[in-house]
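Comments concern the structure below.
Please treat every number below as a calculation from the coordinates, not as lab data. Fair warning: this is a prediction, and the values are worked out from it, not measured in the lab. Reconstructed Cβ throughout: ideal geometry from the backbone, glycine too, with neighbour counts over all protein chains shown.
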Amino acid sequence: MSSNVSSAIPSYGPIPRVAEAPRIVGPVKFGVVGYGYWGPNVVRNLQSLAGAEITSVCDKSSAARRRVHKNYPNIYVSSDASEIVSSPDTDAVAIVTPVWTHYELAKAALENGKHVFVEKPFTSNTAQAEELIELAEQKNLKIMVDHTFLFTGAVRKIQQLLKEGSLGKIYYYDSTRVNLGLFQHDINVIWDLAPHDLSIMDFVLEQRPEALVATGQTHLNEHEDVAYITLYFPDNLIAHINVNWLSPVKVRTTLIGCEKKMLVWNDLEADEKIKVYDKGVNITNSEGLYQLLVNYRSGDMWAPQLEQVEALRQELTYFVDCIVNDRTPFNDGAAGLRVVKMLEAANLSISKRGALVYL
Ligand SMILES: NC(=O)c1ccc[n+]([C@@H]2O[C@H](COP(=O)([O-])OP(=O)(O)OC[C@H]3O[C@@H](n4cnc5c(N)ncnc54)[C@H](O)[C@@H]3O)[C@@H](O)[C@H]2O)c1
């Protein structure tokens, strides 16, 4: 593929070599690597999209391969990921394997000219994420990191409400994601559960934290199973994330406190997942007394209507659209990198028993 370097362009240093985007005619052909817990959801959704076609699925486990074959007898099944990432019969590769495998698989796919859909968290460290982003840019290929929650009706509504400003200045973001298990063998509870909260926070607040503090504790293996992250933003905005594999009950609740209104998102509610409370506090100084007067405001509660969609299906539709129309997804490698930076900083802070780590 020729680069876009033209002799007519004056040289101000090296011009990056950018390949032309591979032209795709007909449905985007996908290879999927990983058919464990989450892989079947990716395969099912891709398989049902008009603009996509699965040409191959790969898993190291023979039991997983048997499941693929039983559910999709016409799809080619492989035990060797290198076959999928280099296949002339794929335009894009979905990587649905544990995080420590993402970098090698994504790198091989990009080097072979494939667009990449990769699970959260993007990579095991920031250096890997930066390298993959650069590689994708050089080859003009798309990376989408599966931050599935960004495609739910609830997160879309929260983002809209915060963006339009009706809730007022944001004071805090407070998220609890706890349940019993599933214990992971390769990562701690932060790398398992917090990518959801951090990616949602990054998306809806549209602000970048300056620093964080994280604490956590191990109980049953060498990975933290209970952890707390506090993130400091400019202008007094603060966020707190509580993740836990040792909770007797499942909780998925986010509070967003703003100057004018306060929002509660309970993702376990069947209806009315989001409630917006017209509650707040006004502080006034009483003249002459120099004494704080606190007025508590308690008005109506409103539960907005939410779009009922399968988030992963929306996301994969969007990925296909980005590939076909050469658009950069908002949940691209850079968004994945921002989350990995926070995860890495959280691990560093935990190792120093809650030291402040600048981002
Ligand atoms: N977006 C979400 O909501 C969501 C939900 C669950 C999991 N995930 C992510 O999906 C990824 C996979 O998680 P999971 O729970 O499905 O894990 P899993 O262990 O259940 O499945 C992973 C599968 O990948 C296979 N595999 C591993 N390395 C391979 C390789 N090199 N080549 C071929 N096959 C290989 C394994 O045999 C296994 O079947 C993780 O990154 C996880 O964080 C995302």
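Summarising the overall dimensions of the chain from its C-alpha atoms, the Rg and Dmax are 22.7, 82 angstrom.
Give a quick list of chymotrypsin sites (Phe, Trp or Tyr not before Pro) in the stretch 110-208 that DSSP marks as loop, anything other than H, G, I, E or B, with at most 14 other Cβ atoms within 10 Å.
Counting only loop positions with at most 14 other Cβ atoms within 10 Å, the chymotrypsin sites (Phe, Trp or Tyr not before Pro) in the stretch 110-208 are Phe183.
To the nearest ten degrees, helix 311-324 and the longest principal axis of the Cα atoms of the chain are 50 degrees apart. Computed from label points 7 Å out along Cα-Cβ, the spacing between Asp235 and Tyr172 is 1.9 nm. Not counting the cut sites, what is the longest span of the chain without GluC sites (Glu not before Pro) that DSSP labels loop and that have at most 14 other Cβ atoms within 10 Å? It runs 21-205. Using every Cα-Cα pair within the stretch 60-104, state what percent have a distance larger than 14 Å. Distances greater than 14 Å cover 57 percent of the Cα pairs. Placing a pseudo-label 7 Å from each Cα along the Cα-to-Cβ vector at Trp38 and Asp278 gives an inter-label distance of 4.1 nm. When only Cα pairs below 8 angstrom with a gap of at least 6 residues are kept, the chain shows a relative contact order of 17 percent.
If you add up the charges near Arg327, with Lys and Arg at +1 and Asp and Glu at -1, over every other residue whose beta carbon is less than 9 angstrom from its beta carbon, what do you get? Spell out each step's value before the answer.
Values: positive: Lys142; negative: Asp321, Asp326.
Value of the local net charge: -1.
Looking at the stretch 265-350, which chymotrypsin sites (Phe, Trp or Tyr not before Pro) are in a loop (DSSP not H, G, I, E or B) and have at most 10 other Cβ atoms within 10 Å? Each step should come with its number before you reach the end.
Values: sites: Trp265, Tyr277, Tyr290, Tyr296, Trp302, Tyr318, Phe319, Phe330; in loops: Tyr290, Phe330.
Qualifying residues, ordered by number: Tyr290.
Summing Cβ point charges (Lys, Arg +1; Asp, Glu -1) relative to the Cα centre of the chain gives a dipole of roughly 360 debye.
For the pairs Lys169/Lys275; Lys60/Lys120; Lys29/Lys60; Lys70/Lys139; Lys250/Lys275, note any where the Cα-Cα span goes beyond 28 Å. Write out the running numbers ahead of the final one.
On the way: Lys169/Lys275 18 Å; Lys60/Lys120 20 Å; Lys29/Lys60 21 Å; Lys70/Lys139 36 Å; Lys250/Lys275 19 Å.
Pairs exceeding 28 Å: Lys70/Lys139.
Simple rule: put +1 on each Lys or Arg Cβ and -1 on each Asp or Glu Cβ in the chain, find the dipole, and look at Ile190, Ala63, Asn242; the Cα lying farthest toward the positive end is Ala63.
Taking Cα centre as origin and charging only the Cβ of basic (Lys, Arg, +1) and acidic (Asp, Glu, -1) residues, the dipole magnitude of the stretch 176-319 rounds to 380 debye.
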